[in-house]
Each structure stands twice: as C-alpha cells, then as structure tokens.
Amino acid sequence: MKSHLYLALLVIAFISCSEDKETKNQVTKKEKYDVVFRENLAGKYEKWYLTDGSFKYIYNYTDRGRGPEISEEIVLNDQNYIVSESITGVNYLTDSLDETFNGTNSTATWKNPMGEKEADFDGDKLYFRHDGSPAVYEILAQLLLKAKDNKVGLYPKGDATLVDQFSITLSNGSVVNLLMVKGLEMNPRYIWLSDNEMIASISGNLHIVREDFAAFRKELKTLQGTYEDEYLYNISKEVSNKIDKVLIKNVNVFSKEGNIIENQDVLVDGTDIKSIKPSMGKVLNGIAQIIDGTGKTLLPGMFDMHTHNTKFRGLLHLAGGVTSVRDLANNKQLRQLGEQFNKNEIIGPNIVTYCGIIDGSGPFANQRNVVDNLEEGLAEIQSYKDLDYNQIKLYSSIRPEWVKPLASKAHELNMRVSGHIPAYMTASQAIAQGYNEIQHMNMLFLNFMSDTIDTRTPLRFTMVANYGRDVDLKSKEYLDFVSLLKTNDILVDATMSIFENMFISQKGQPSPTYSKIISRLPLIEQRAFYSGGLPKPGNKVEIFKESYDNMLNALHDMYQRGVSIVPGTDGLPGFLYHRELELYVKAGIP
C-alpha cells in the first residue's frame, strides 16, 4: 500500500512540475507565415513568443515527397545574439536533425552535423545554425540594422554585411524595408522587414511570407526582382571588357587532341581565333590588346549538359569556366533570360538548348507546367515550340499512357523528348514510347527493379541506393537494355555527381563531391555539404557505396559499348561540372 501511495505521489509531483513548467512558459503571441514553393502553398512557418522571453519556431514544407519538418527554440541575450538554441526534426532529405548551442560564462558549446565543439564566447557574435528555420535571418537583419559598420560577426567564424537597404511603399500604403545581405550564400540574401520584424524572405522558388502580407507576396517578389536586376546589371558593367582584338601571349594551349602545347601566342579577332603560333617574344604595339598568359593554360569553354538557369547562376557558370549550357527544364521566361545573357545585360553562359518541362498533376508534381490531361499536355508542347524551344522534358507524374502521344507530338514538331521515367514505367517502356534521352543514372538502374515503383517519391533514390549494387552488368537483362540504348541512339545524361553527394557523403564529414572547394564557399553552402545526403542508418553506408560504385561501373560499361553519354550536373552551377568529369575518369572514361 505504501509503495502504491508513493508511486501516486510521484505521478502527482511529475504532473505538477510539468504543469508548472507549462505555466511559466506559455505562448503570449504567434506570428504565422505561408511557405510557398514554386507558386504553391507548401507549408508553414510559425514564430511563438513565450512568457520567459524565449522563442519557439515551427517550420515545414513539402517538395515532391521531400522537405524539412523543424522545431526550433531560441534564447537571446540583451544584445539580441543567440545564447541558447535547440533544433530538432528532419532536413530537406528527411534525415534527422539534432542541433544545440549554448553560450554562457564566456564559453560556448555546440553540437551539429559538423561535430561537438567548445570555444570562447563573448556573446557578441551570431551563432548561425547548420540547418533550421528562417528565424536566424530575422535576428541577423535586426542586428545588421543596429551595427555601426553594417557588419555582424558570425560564430564560430565569418561575417555578414548589410550591403544596401531600401524603404519601399507598397500598393496598400504600407512602408516596408528590403535588406540586401551578403556573406552567407553564393547570392545576396534579401530580407523584408516591417517595424523591425520579418514579413518575408523570398529566395528563388521558396517564398516565406507573413499571413498579413500574403496578399502582397507577388508584389514583394516583383519589387525585389527589380533590385536584384539592378545589382546584376551593375556587376556586368563593372567586370566586363569590350575587346576587338586580343593577343594572349606565351600561354599553354589545351588542344582538341587533349594535349598541352606550351608557350603559344593566340590571336583572337572578335569571335574568331585567327592563329595559334609559338610565342615570338616581342609584339608591335597597337595590333591588339595584350594578355600575358605565362604559366597559365588556355582551354575551350566547358559545356554543362544539364542545368537550370536563373539570373544569379549565370555568374557562377562563367566563374567556373562553363560558357555553354543546356537548360533542361525551366519556366517560359527562360528565353528572355537567355537574351539578357547574350546581350551581356546579365553575365551568363550561352544557353544552347531550351527544354520545356511538363508534369502531370498530383501530390508530387514538379509544380512547373502541370497538366491535368493529355490535351493540355499536347497544347503545352505546341506552346513551347512557339517559343522556339528545342526539347520537351517529361517528369515523374506524367501518366504512362500519355507518353507515346506526347512524344509523337514533340517529334512532329522536330523536338527531342527526354526526362525522368514516369511513375509505374520502366526506362525500356519509355524508350519504346518515344524517349530520345534519359536524365539521371538512377532512372536507368530502376529499369532492373520494378515497373511498380512510384518514381514521383524519394523511392527513386532510395531503391537505387539500397539495391543498385545487385544490378548484374553481365546479365542478359542488362545487356539487352544497353543494346536498346545503343540501337535507339538514346542519350544518357547521367549526373553522377549528385548521386555521389547523396549516396557517399556522411553526416559530419565534408562531402567528397565538394571537398576540394568547400573551404572557398560561403557559410551556408559549406554547412550544407556536411549534412550527409540520404539518411544512412546501420550498415547503409557500405551498401550505398557499393551501389554507387556499381553505377560508375555501368557508366564505364555503357561508354565502352558505344552508348552516347553527356556530362551534366543538375547542381552547383559552374563548379560541379569539374567533379562530374573527375567521376567519369574515376569510372574509367578517358
């Protein structure tokens, strides 16, 4: 009897403590935001003000079966810097998150995918989480507005700078601020504030907008776009040089045979290379602008066969030496961007192939040019042709019975057909229905697994990661498939580097895909490449590695058997291309 009474008292005490804790830390106010992805309401973001002065955040959105689901708690000091933070949930690839930070008594301790560490901390720098909600952007914006030199130190390293801010009156008369921040990502981060609180963060296809400003989201996007354009126009003016004739002196030349020819003089006139000759030393003044190429190598601009271009990505392509690209799915305004690239209004590559995307409706739709029936799909193909697009890309939610008539329509218009393999089809079936090329090596490997796999979902990755090692490259099934690729002249756009990052990288370690450049990347890009790709519990690390190695083996085997293969990335613009080529060499392709 005593033991029962004691247990009851313990339960009462526990409940009492729980209620007491809840009473002390109640929600006093909530701010709610819409999360819009590719123009569709995809999730929510909430900021809770608690009675003890701390904050709680809820953040989630979905993208074709992927997307973050995050709960975050933050405590700020008197200067508005984070002194305590806890983040739990899952990241975009649905791998678990468990990040903490505590900074007290001149010392900070933290745990994130990069490890557990301790260091000195004075409470005057902003801890920038590895992965989490948009909360840190609002905190950073508030700190930047108070900073004397427009700069805020980040902890444990780095800094962010307020480059510019704009006071803007919206159509309803509201006066809001737009902040342009650099130092976090490849591109500037834009943060919208009203009365010193964040009302929106618009970054590419991902828009986070407070509910009371939701009706003005498109207006905010348009206004931000004008400032983004002005920023890019100014860069183009600052770094561009108009040259009629140029002589590159004493440069090593990478020849079309793959050799290095040392100490050459290369004369370029307009768009033509007029001559490549051994360096002769002195040059008469006035013939051309001289560039000293001593100790450098001149090679043709590189050609990424799988990109998705935006006005910000153009700079990165050229910085990485990629001067021509195929765009394999974009909106219908891409032609306008291509013209801006060509006119040098915005710096960017030559878009050689324009590929329009079509997807079927459903919960996992790509959300760009979604059609509900075959007739709409046929009309979309005609629409793309009228815009002078060269190719059509079919996506995973296309109904299998639509593939043949859609492909026939495209071929009638002299357009190529490529894409993902639609759900519940195999690659062999897609080829029989009219595909000219296939994107991504995983779509080829799924051919040997089942025609019942829902490729709209992350199963298109996890099935290959788990069972790709079992694909027998000497089996009749595989050899017949490769023969089908060869006979039908099917182009394979393998994008091997994105699967290396998904299958091989491990949480807490720099991804091998980006390890050679990671130290040169901005803070957020660096941290993203420590996240480990797909979740790898138990013995999955070795299984996924064996599957990826088999994908490389297949790439080499297809090459040897005469299948047409092109290097494309579908990733970090301009710089992932180099890794793609390295992986081809690793596979055995010279």
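Coordinate-derived values only; no laboratory data. What you see is a predicted model, and the numbers here were worked out from it, not measured in a lab. Here the Cβ positions follow ideal geometry from the backbone for every residue, glycine too, while neighbour counts run over all protein chains shown.
Computed values, structure above
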| read-out | value |
| --- | --- |
| J(HN,Hα) series, region 210-223, from Karplus relation 6.51 cos²θ - 1.76 cosθ + 1.60, nearest Hz, glycine and proline x | 4, 4, 6, 10, 4, 5, 10, 4, 5, 5, 4, 4, 5, 4 |
| Most to least packed among 243-251, 76-84 [average Cβ atoms within 10 Å] | 243-251, 76-84 |
| Ratio Rg/Rh [Cα only; Rh per Kirkwood] for region 437-560 | 1.01 |
| Between 0 and 90°, nearest 10: helix 540-560 axis offset from the chain longest Cα axis | 10 |
| Cα centroid of region 312-362 to Cα centroid of region 402-441, whole Å | 22 |
| Among 389-395, 538-544, 41-47, the order from most to least packed when residues are scored by Cβ within 10 Å on average | 389-395, 41-47, 538-544 |
| Extended-chain gain in nm, criterion 0.36 nm per residue less alpha-carbon gap, Asp292 and Arg561 | 92.5 nm |
| Stretch gain in nm, segment Lys148-Ile518, where the contour uses 0.36 nm per residue and the Cα spacing is subtracted | 130.1 nm |
| Dipole moment magnitude, nearest 20 debye, the chain about Cα centre, only Lys, Arg, Asp, Glu C-beta charged | 780 |
| Descending principal axes extents, the chain, alpha-carbon based, whole Å | 91, 66, 48 |
| Simple label model, 7 Å out from Cα along Cβ direction - Ser255 to Lys404, nm | 5.2 |
| Cα-based helix-to-principal-axis angle, 403-412 vs the chain, degrees rounded to 10 | 40 |
| Label-to-label distance, nm, for residues given as Asp124 and Leu374 (7 Å Cα→Cβ offset) | 7.1 |
| Residue-span extension gain [His411 to Glu546] - 0.36 nm each, minus C-alpha spacing | 44.7 nm |
| Isotropic mean projected area of the C-alpha convex hull, region 302-587 (nm²) | 14.7 |
| Relative contact order computed over region 245-298 (Cα-Cα under 8 Å; 6+ residues apart), in percent | 47 |
| Whole-angstrom gap from region 518-590 to region 235-258, using each part's C-alpha centre | 31 |
| Over region 245-298, volume per residue of the alpha carbon convex hull, in Å³ | 73 |
| When each of Lys182/Lys218; Lys30/Lys111; Lys296/Lys507 is checked by Cα-Cα distance, pairs over 26 Å | Lys30/Lys111; Lys296/Lys507 |
| The chain: relative contact order in percent, alpha carbon pairs under 8 Å with at least 6 residues between | 9 |
| Label point 7 Å beyond Cα of Leu299 along Cβ direction - residues of region 254-271 with amide nitrogen under 14 Å | 254-261 |
| Relative contact order, percent, region 302-587 [alpha-carbon distance under 8 Å, six or more residues apart] | 17 |
| Total formal charge among the other residues, if their Cβ is under 13 angstrom from that of Arg64, Lys/Arg +1 and Asp/Glu -1 | +2 |
| Crossing angle, helix 576-587 versus the chain [Cα axis fit, 0-90 degrees, rounded to tens] | 70 |
